[in-house]
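Enquirer: Dumping the structure here so I can ask a few things about it.
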Amino acid sequence: MQAPTDPREFRHSLGQFATGIAVVTAHAADGEHLGMTVNSFSSLSLDPPLVLFSLMRGSGGLARLLAADGFAINVLGAGQRELSDLFARPQDGRWDKVAHRPGHALAPLLEGALAHFECGHHCQYEGGDHVIVVGRVLRFTYDPAPPPLLYFRGRYHGVQHEAAQA
């Protein structure tokens, strides 16, 4: 058994848990759209409907996202790896390359996402080198057909659907 003193080994160990990929979006007070790829998205509560994600404390858009009137979580499908990569790092002009429409608080909803969760801010917590953001879901939509985009052992993966049993 290994103590979590080596951050690299700890990260590799955490990578044994497959996660979905989402892009958190918001419309900042200055009128600019924000977007950040996360794999820390999770449901939290059904009553009230709450979801959470975390962002590294040093993330460039964190303060602006927390100051926005609301945000959206866009769950990506297997064919959206390019979107995940596009929002993983700051890039000029990336919103010109992405089909989207406005959601709650003008947060961009990415076209083709498996699910959209439009949220108001509920609360936030300190989480070591991250901030845990909890949102209250105000509206949601989803498409049950496409398979998800997954992240496992530091790489993207898809899901093979098993044939339905009669």
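The values are calculated or read from the model by the stated rules, or taken from the named source; none is laboratory data. Remember, predicted model here, so these are calculated numbers, not experimental data. When we count neighbours, we look across all protein chains shown, and the Cβ atoms used for this are built from the backbone with ideal geometry, even at glycine. The protein model used for the area step is the full one, side chains on, heavy atoms only, and it has no ligands, DNA or RNA in it. Shrake-Rupley method; radii C 1.70, N 1.55, O 1.52, S 1.80 Å.
Enquirer: Please build a GNM for the chain, connecting alpha carbons under 10 Å apart, and tell me which residue among H116, H27, H100 fluctuates the most.
Expert: With Cα springs under 10 Å in the chain, the top fluctuation among H116, H27, H100 is at H100.
Enquirer: While we're looking at this one, here's another question. If you place +1 on the Cβ of every Lys and Arg and -1 on the Cβ of every Asp and Glu, how big does the dipole about the Cα centre of the range 22-104 come out, in debye to the nearest 20? List each step's numbers first, then the result.
Expert: On the way: 7 positive and 8 negative charges, 35 e Å.
About 160 debye.
Enquirer: Measure off 7 Å from each Cα along the Cα-to-Cβ vector at K97 and D6, then give the distance between these two points in nanometres to one decimal.
Expert: Simple spin-label model gives 3.6 nm for this pair.
Enquirer: At most 15 other Cβ atoms within 10 Å and a DSSP loop assignment: could you name the trypsin sites (Lys or Arg not before Pro) in the range 79-166 that fit?
Expert: Values: sites: R81, R94, K97, R136, R139, R153, R155; in loops: R153.
Passing sites in the range 79-166 are R153.
Enquirer: How much of the accessible area of the range 33-166, in percent, comes from carbon and sulfur atoms when a 1.4 Å probe is used?
Expert: Values: 4210 of 7860 Å².
It is 54 percent, rounded to a whole number.
Enquirer: Considering only protein heavy atoms, what per residue accessible area in square angstrom results for the chain with a 1.4 angstrom probe? Present the calculation step by step, with values, prior to reporting the outcome.
Expert: Values: 10270 Å² over 166 residues.
Accessible surface, normalised per residue, equals 62 Å².
Enquirer: While we're looking at this one, here's another question. Mind listing which GluC sites (Glu not before Pro) in the range 1-105 are in a DSSP loop and have 13 or fewer other Cβ atoms within 10 Å? Display every interim value, and only then the final one.
Expert: Numbers: sites: E9, E32, E82; in loops: E32.
Counting only loop positions with at most 13 other Cβ atoms within 10 Å, the GluC sites (Glu not before Pro) in the range 1-105 are E32.
Enquirer: With r as the distance between the Cβ atoms of Y142 and A29 and R0 = 30 Å, compute the FRET efficiency 1/(1 + (r/R0)^6) and round to 0.05. Present the calculation step by step, with values, prior to reporting the outcome.
Expert: Numbers: r = 29 Å, r/R0 = 0.97.
Once rounded, the FRET efficiency stands at 0.55.
Enquirer: With a ≥ b ≥ c the root eigenvalues of the C-alpha gyration tensor of the chain, is it rounded (a/c under 1.5), prolate (a/b larger than b/c) or oblate? Write out the running numbers ahead of the final one.
Expert: Numbers: a/c = 1.42, a/b = 1.10, b/c = 1.29.
It comes out rounded by the Cα gyration axes.
Enquirer: Then there's this: Just to be sure I understand: with springs between alpha-carbon atoms less than 10 Å apart, which residue in S43, S54, S13 has the highest mean-square fluctuation in the Gaussian network model of the chain?
Expert: S13
Enquirer: Rounding to the nearest 20 debye, state how big the charge dipole of the chain is about its Cα centre with +1 on each Lys and Arg Cβ and -1 on each Asp and Glu Cβ. Mind dumping the intermediate values first?
Expert: Numbers: 13 positive and 16 negative charges, 43 e Å.
So the dipole magnitude of the chain works out to roughly 200 debye.
Enquirer: Can you find, among S42, L138, L65, the residue sitting farthest towards the positive end of the charge dipole of the chain, where Lys and Arg contribute +1 and Asp and Glu -1 at Cβ?
Expert: S42
Enquirer: For the chain, with the dipole built from +1 on Lys and Arg beta-carbon atoms and -1 on Asp and Glu ones, taken about the Cα centre, which of G128, T25, F10 lies farthest toward the positive end?
Expert: About the Cα centre, the residue reaching furthest to the positive side is F10.
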